[in-house]
Structure formats: C-alpha cells, structure tokens
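Since the structure comes first, as structure tokens, the remarks are kept for the end.
Values in this text are rule-based calculations from the coordinates and carry no lab data. Because the structure is a prediction, the values reported are computed rather than measured. Backbone-built Cβ (ideal geometry, glycine too); neighbour counts: all protein chains shown.
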Amino acid sequence: MRKAHFVLQGKGGVGKTFVASLIAQYLTERGEPVACLDTDQVNGSFQDITALGVRPVSILKDESEEIDIAEMDGMVERILTEDSHFVVDNGATSFVPMRIRGHAGLSGSAAPSDRHGPPAPAQPADLRSKLDRDACAEHDLRRSRL
C-alpha cells in the first residue's frame, strides 16, 4: 500500500527536512517508488537534496499566507492518483493554519452563519476541545484493547 508522509511543524529549525530525507531514503533503499515534494517557498532545503529528485510545490500565493487552491488541489490529486509513496516536507513558512468552517462534527455546535457569506470559522478553543476529547477517547479505546 502506498502512503503519503507529511512532515509538519510550525517552528523552523527542528529537523523537518532531515526527517523527510530519512523517510525518502529508507523507501528508496527498499526499492519503493518515492515522489518527494517541498512546500516551503522560503527555505526549500528539501529540494536541495538532488539525489531524491524533490519537486517544489508553491501552495501559498506569492507574498501572502493565502493558500493557492489550484496548487494544493494539484498536489492532492498527484498523491491520490500516482502509484508512489509521497514524502512532503512542509516548511515552517508554509505551515498555515487551515480555517475550518464551523460544522457540528468539528466544534460541537453549528457556528452561526451569515446568509450573505460562508459560515463563521469554528472557535479555536471549541475545535481544540473537540480534538482533545477525540484524542482521549482514542487513547482510552487503545488501552481497553490491551
């Protein structure tokens, strides 16, 4: 089964590129097909490792923190359709929080909506609480299976 390996962290200088390169080298040494992508537009050091054939992907629009939907869709389509493992090094500069719209499944209650626009984003504390509850429930489930 092919997998996508995303190396993510909002802080710079913590070894994301190093970890991504280790994953790519491991898969390559096993004879697996590997596609490496670098989404860091400011410090694209993963693409400097020429032996891995890393391709840059500009997921942010120039001079902004706005996501380039077409680039993001293209990357996701590649990951879903190509018969290859993917290793994606997401640099600190492209670690942009995705705005998750308020839905009952995410925030616990539907966020108020403006009939002239999209629903308001989920409150970060509500989303964090929901994610924490889900993580605790998953942890409890795993422990009960032991």
Query raised in the report: Between R55 and L80, how many nm apart are label points set 7 Å from Cα along the C-beta direction?
Result: 1.7 nm
Report task. Between beta-carbons, use under 9 Å as the cut-off and find the net charge around L37, counting Lys and Arg +1, Asp and Glu -1. Result -> 0
